[in-house]
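Working notes, beginning with the structure itself.
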Amino acid sequence: MTTLQKANRISELQQGTTSYAEEREIRELFLSTQGDELVLLKNLVDSRGSHQDLEKLLFHDLDEDDMRLSILKHIWKESKNTKNYGLKFFSDIDDTIYANLKDKRFPQKTIYPGVTTFYRELNKAALPVDKYKMNHLVFITARPEDRVGAVENTTHKMLIKAGFLPSVILTGDLPHFFTAEDMFKEKMDNLRRYANIYPEYFHIFIGDSGQGDIKVAEALRKEFPQKCPIALIHQINSIPQKTIAQYAQAKIYFFQTFVGAANIAYYHKLISKTSLKTVIDQAINDFKKIKFETKADRQARAKELQKDILESPFAKLYRSFL
């Protein structure tokens, strides 16, 4: 079987409940695949754009612990024989990619200017497994998963409609949905599991300053200092400059616009200069389409965007877009 055929077969077996015989077949399909082909197989299983992804397969669908453990051991053993595959990046959803809960600076449900383009350009940082044009963006949310995946599949459709590539979504569960501490623990458990599935990759985290994502960024940088080189936090409320500077020492960087995020990514060589300009152009176009409630709101957000543009290498090209 080709690697693509194996991935298709695993996806077939993942539908509905899996019998012991089907779980054995899934295990053998993974164990019969080595090196770079195993990396490709994992990405292909993850590229379906539905709730049936690799994390769900390994940690929820497989009932036998020994099956799961043997696959994970194989993944880690083979990762030592592969090159570094670049970047997979985790992103929160609410108030990170669109204004939804705490952020009152933009009209509700506004997709932030430039975010879809920034994520597409970041995706190019993943070395090509990639004649299959797969996405290396992983959304993570505390929204509870349901048995049939309705919530997750609805979120997939919303993200694709907004312009994001089909992505993996790691959801929470109902018992961990009621307190900030529980949501933090659930997010971290999801991130640890995913990092263990893809040891060949570096990981960065993008969250916001409204709902505990700073704590997630701190934990990731502490637990995976080599594998998580930086974290980015969308600043949606007032934070003292002294605090921002202190976090920067730990390579946790705050940004107000996605041009600012792109500037940070460019500085850390995660995107190219050409990609940075692409983000700037799209952010300006997106901004002009937003219908702010007041002129003062528009001017305040324009000032933030202009500041980040003028801090880019292209400052002379964009003296004023207002």
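The values are calculated or read from the model by the stated rules, or taken from the named source; none is laboratory data. The structure displayed is predicted, hence computed values, not measured ones. So basically every Cβ, Gly included, is an ideal-geometry build from the backbone, and we count neighbours across all protein chains shown.
If only one of L29, L54, L13, L72 is within 21 Å of I169 (Cα to Cα) and at pLDDT 95 or above, which one is it? Steps first, answer last, please.
On the way: L29 fails: within 21 Å of I169 (Cα to Cα); L54 fails: at pLDDT 95 or above; L13 fails: at pLDDT 95 or above.
Result of the check over L29, L54, L13, L72: L72.
Going through F314, F255, F224 one at a time, which residue ends up being modelled with pLDDT of 95 or more and among the aromatic types (F, W, Y)?
F255 is the lone residue from the list that is modelled with pLDDT of 95 or more and among the aromatic types (F, W, Y).
Could you list all residues from segment 71-98 that are surrounded by 15 or more Cβ atoms within 10 Å (Cβ to Cβ) and either without any contact (Cβ under 8 Å) to a residue 60 or more places away in the chain or among the β-branched types (V, I, T) (or both)?
Selection gives I71, H74, I75, E78, T82, I93, T96, I97.
As an exercise: evaluate H268 against (1) of a type outside the set (V, I, T); (2) more than 21 Å from P107 (Cβ to Cβ); (3) in contact (Cβ under 8 Å) with a residue 40 or more places away in the chain and give the number of the one condition it does not meet.
(3)
Do we have any residue at all in segment 238-256 that's among the aromatic types (F, W, Y), in a helix (DSSP H, G or I) and either in contact with a Phe, Trp or Tyr (Cβ under 8 Å, 6 or more places away or on another chain) or surrounded by fewer than 20 Cβ atoms within 10 Å (Cβ to Cβ) (or both)?
The first filter runs over segment 238-256 and keeps only residues among the aromatic types (F, W, Y), leaving 247, 253-255.
From the residues that got through so far, the ones that are in a helix (DSSP H, G or I) too are 247.
Imposing the further condition that a residue be either in contact with a Phe, Trp or Tyr (Cβ under 8 Å, 6 or more places away or on another chain) or surrounded by fewer than 20 Cβ atoms within 10 Å (Cβ to Cβ) (or both) reduces the set to 247.
Scanning segment 238-256 turns up at least one residue that is among the aromatic types (F, W, Y), in a helix (DSSP H, G or I) and either in contact with a Phe, Trp or Tyr (Cβ under 8 Å, 6 or more places away or on another chain) or surrounded by fewer than 20 Cβ atoms within 10 Å (Cβ to Cβ) (or both).
Before we move on, is E293 assigned by TED's automatic domain parsing to the domain that holds A162, not hydroxyl-bearing (S, T, Y) and not in a helix (DSSP H, G or I)? Explain how you work it out, then say what you get.
Numbers: assigned by TED's automatic domain parsing to the domain that holds A162: yes; not hydroxyl-bearing (S, T, Y): yes; not in a helix (DSSP H, G or I): yes.
Taking the combined requirement at face value, the residue satisfies it.
When segment 167-181 is examined, which residues are found to be surrounded by 16 or more Cβ atoms within 10 Å (Cβ to Cβ) and at pLDDT 80 or above?
Within segment 167-181, S167, V168, I169, L170, T171 meet the criteria.
Among the residues of segment 52-92 satisfying the criterion of being among the hydrophobic types (A, V, I, L, M, F, W, C) and not in a helix (DSSP H, G or I), which is farthest from I160 (Cα to Cα)?
Within segment 52-92, the match that is farthest from I160 (Cα to Cα) is L62.
Pairs please, first residue from segment 1-24 and assigned by TED's automatic domain parsing to the domain that holds L38 and more than 12 Å from D63 (Cβ to Cβ), second anywhere and of a type in the set (K, R) and surrounded by 11 or more Cβ atoms within 10 Å (Cβ to Cβ), Cβ atoms under 7 Å, 6+ apart in sequence or on different chains.
S11/R48
Step by step: first the residues of segment 257-266, then only those that are surrounded by fewer than 24 Cβ atoms within 10 Å (Cβ to Cβ) and not hydroxyl-bearing (S, T, Y), then the one that is farthest from H203 (Cα to Cα). Which residue is that?
Only one residue fits best here, namely N263.
Can you pull out the residues in segment 13-32 that are surrounded by 11 or more Cβ atoms within 10 Å (Cβ to Cβ) and within 26 Å of the chain's Cα centre (by Cα)?
Hits for segment 13-32 are Q14, F30.
The rows are residues; the columns are (1) within 28 Å of G172 (Cβ to Cβ); (2) under 15 Å from the mean Cα position of the chain (by Cα); (3) assigned by TED's automatic domain parsing to the domain that holds A180.
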position	(1), (2), (3)
K222	yes, no, yes
A231	yes, yes, yes
K242	no, no, yes
Q246	no, no, yes
K251	yes, no, yes
A261	yes, yes, yes
L276	no, no, yes
D281	no, no, yes
N285	no, no, yes
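Determine, yes or no, whether G49 is under 30 Å from A283 (Cβ atoms), assigned to a loop (DSSP other than H, G, I, E, B), modelled with pLDDT under 95 and out of contact with any strand residue (DSSP E or B) (no Cβ under 7 Å at 6 or more places or on another chain).
Values: under 30 Å from A283 (Cβ atoms): yes; assigned to a loop (DSSP other than H, G, I, E, B): yes; modelled with pLDDT under 95: yes; out of contact with any strand residue (DSSP E or B) (no Cβ under 7 Å at 6 or more places or on another chain): yes.
It is true that G49 is under 30 Å from A283 (Cβ atoms), assigned to a loop (DSSP other than H, G, I, E, B), modelled with pLDDT under 95 and out of contact with any strand residue (DSSP E or B) (no Cβ under 7 Å at 6 or more places or on another chain).
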